[in-house]
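Student: Below is one structure. I have some questions about it.
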Amino acid sequence: MDGQNGTTNIFTTKKKKNEQQQKKDEIPERVTLKKEIGLLSACTIIIGNIIGSGIFISPKGVLEHSGSVGVALVVWVLGGCIAALGSLCYAELGVTIPKSGGDYSYVTEIFGGLMGFLLLWSAVLIMYPTTLAVIALTFSSYVLQPVFPDCVPPYMATRMLSATCLLLLTWVNCSSVRLATRIQDVFTVGKLMALGLIIVVGLVQICNGHYEWLTPQVAFSMERPPSVGQIALAFLQASFAFSGWNFLNYVTEEVVEPRRNLPRAIYISIPLVTFVYTLTNIAYFSSMSPEELLSSNAVAVTFGEKLLGAFSVIMPISVALSTFGGINGYLFTSSRLCFSGAREGHLPSLLAMIHYKNCTPIPALLVCCAATIVILCIGETHNLINYVSFINYLSYGVTIAGLLYYRWKKPNLYRPIKVSLLVPLCYLLFWAVLLGFSLYSEPVVCGVGLVIMLTGIPVYFLGVHWREKPKCIYSFIERATYVGQRLCFVVFPQFDPIEIIEIPPELHRRRSSGRGSLAGHF
């Protein structure tokens with residue numbers, strides 16, 4: 001009996017050890033954000049975030065404000081060129097200040113906490129939730145279009161389907177970074193295939209002689225020339241379609257070899273998207289008159305109905321899949337903005353925590369999802385695009401102005417990429433003209449955007465700057481954080497040190513004079 005008991009105890013001890021070892025293997029030794037974004041995933045994040053719903057909504061707004069087909073096509077091409085100039089500047093900032101958080105992290109590093117917080121406040125409060133809401137509404141509209149072919153889909157149906165899609169993708173992003181990036185890869189390929197179908201069908205139409213609206217005499221004919229303010233609004237509409245070109249900068253710390261892969265992904269993605277967008281618009285005009293395009297609630301669906309016949313159902317499905325991937329990309333990147341803001345102490349510390357096993361920022365993802373569902377019930381899509389585009393452009397300009405200031409402030413800083421001064425100067429010139437005329441043409445829309453941003457000033461001084469708060473406030477925050485940790489199974493991650501390298505003055509002089517190379521030092 002004693003021998004049997006001894007044998008049983010040995011097996012029990014071994015079993016317990018195996019269970020403990022299994023649990024140990026399940027919990028990573030070091031809880032931190034994982035570097036799982038390679039060059040391909042980096043490209044799909046940029047392309048997937050740019051090609052969301054804009055190319056399926058904005059052609060109507062661009063044509064309406066530009067006044068003619070020819071001017072609309074010029075706006076699309078120039079919009080891509082401006083996005084390329086901005087992305088070159090962000091490539092320099094991204095490899096010089098290799099932090100996640102994009103505009104917010106760069107402005108905080110360069111101009112200080114208040115300026116960074118104002119960008120964060122407007123982004124978390126309206127900019128990214130609104131963009132997500134617009135993409136989600138586009139997704140639901142295209143899914144429901146075949147069900148309601150002769151009328152606009154019911155208000156509640158579109159909202160419920162949009163919210164369901166958001167909740168599903170929030171769960172995916174909470175579960176696994178790898179799964180979220182794989183979904184992004186697959187759906188980005190799907191987006192390019194959908195747009196490729198439109199382009200191929202359009203080129204076939206042109207080859208068959210259907211290009212009446214694309215001939216120079218007709219394309220640039222207009223009843224009355226558009227004002228400069230209207231052209232500015234056309235660019236704002238196009239900028240919505242190109243928004244997302246800077247989103248890889250929000251996840252820099254999860255990119256494999258960011259100093260190499262971040263600029264490469266930008267250089268590949270922006271020209272590709274500009275080329276695809278221009279050809280897509282040419283394809284639209286090969287089979288649709290300006291009047292048909294302006295009267296359509298779903299441009300791509302109308303295009304498919306005219307040219308694809310029985311296969312026209314492919315188009316709403318393709319567009320729905322495209323916008324589905326766009327929602328995933330925006331959730332993935334915008335949650336990292338909340339995460340970065342909390343890490344800097346500008347948002348509640350709970351948002352800077354990640355799941356102990358999956359290493360995903362669950363609280364930040366839940367906040368992004370909740371804010372988007374609130375925005376879903378507010379505003380009309382066209383006005384929402386104008387609000388978002390104005391705030392987007394404002395933040396881009398401030399960030400790129402920061403690049404120039406940072407060069408003056410820290411001339412010896414190591415910059416793996418250093419663009420010509422003409423690049424940020426040209427972008428800022430265009431930015432100032434566009435914003436000025438937008439303020440003149442739509443003072444209410446732009447004014448609301450500015451007011452939303454400026455409401456962050458008292459919030460900053462009360463929530464961040466004021467250190468000596470009553471103990472009851474700290475107790476409440478501590479208790480809420482504790483409850484959030486227990487519900488979401490999250491902890492503070494361990495961070496790798498961020499390398500912002502200062503070049504010694506003597507090496508900087510050698511580099512400037514061309515007598516030495518810094519390649520061996522870094």
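The values are calculated or read from the model by the stated rules, or taken from the named source; none is laboratory data. Computed from a prediction, not measured in an experiment: that's the story for all the values here. Ideal geometry is used to build each Cβ from the backbone, glycine not excepted, and the neighbour counts take in all protein chains shown. Ligands, DNA and RNA are excluded from the accessible area calculation, which covers all protein heavy atoms including side chains. Shrake-Rupley method; radii C 1.70, N 1.55, O 1.52, S 1.80 Å.
Student: In whole angstrom, how far apart do the alpha carbon centroids of the range 147-213 and the range 293-340 sit?
Tutor: The two parts, judged by their Cα centres, are 3 Å apart.
Student: Which residues in the range 336-350 have a backbone N closer than 12 Å to a point placed 7 Å from the Cα of residue 370 along the Cα-to-Cβ line?
Tutor: The answer is 348, 350, whose backbone nitrogens lie closer than 12 Å to the label point.
Student: State which entries of 99/469; 99/418; 60/306; 35/418; 35/410; 35/357 exceed 21 angstrom in Cα-Cα distance in the structure shown. Walk me through the numbers on the way to the answer.
Tutor: Numbers: 99/469 30 Å; 99/418 18 Å; 60/306 17 Å; 35/418 25 Å; 35/410 29 Å; 35/357 15 Å.
Violating the 21 Å limit, Cα to Cα: 99/469; 35/418; 35/410.
Student: Follow-up. What spacing in nm lies between the two simple spin-label points modelled at residue 408 and residue 77, each 7 Å away from Cα in the Cβ direction?
Tutor: Spacing of the two 7 Å Cα→Cβ label points: 3.6 nm.
Student: Once the Cα atoms of the range 73-154 are picked out, what are the Rg and Dmax in Å?
Tutor: Answer for the range 73-154, Rg first and Dmax second: 18.4, 54 Å.
Student: With the convex hull built on the Cα atoms of the range 106-178, state its orientation-averaged projected area in nm².
Tutor: On the way: hull surface 27.9 nm².
Averaging across all directions leaves 7.0 nm² for the Cα convex hull.
Student: Suppose the Debye formula is applied to equal point scatterers at every Cα of the range 224-269; what is log10 I(q)/I(0) at q = 0.20, 0.22, 0.23 Å⁻¹?
Tutor: Computed log10 I(q)/I(0) values: -0.70, -0.76, -0.79.
Student: Rg(Cα) of the range 193-326 divided by 2.2 N^0.38 Å? Kindly include the intermediate steps, with their values, before the conclusion.
Tutor: Values: Rg = 17.8 Å, N = 134, 2.2 N^0.38 = 14.1 Å.
That works out to 1.25 for the range 193-326.
Student: Given R₀ = 51 Å, what would the calculated FRET efficiency be for residue 151 paired with residue 472, taking r from the Cβ atoms and rounding to 0.05?
Tutor: That pair, residue 151 with residue 472, gives E of 0.40.
Student: On full extension of the chain, what length is gained from residue 418 through residue 317, given 0.36 nm per residue of separation minus the C-alpha to C-alpha distance?
Tutor: On the way: separation 101, 0.36 × 101 = 36.36 nm, distance 4.28 nm.
Here the segment from residue 418 to residue 317 would lengthen by 32.1 nm.
Student: Considering only protein heavy atoms, what is the solvent-accessible area of residue 204 at a probe of 1.4 Å, reported in Å² to the nearest 10?
Tutor: Approximately 80 Å² for this residue.
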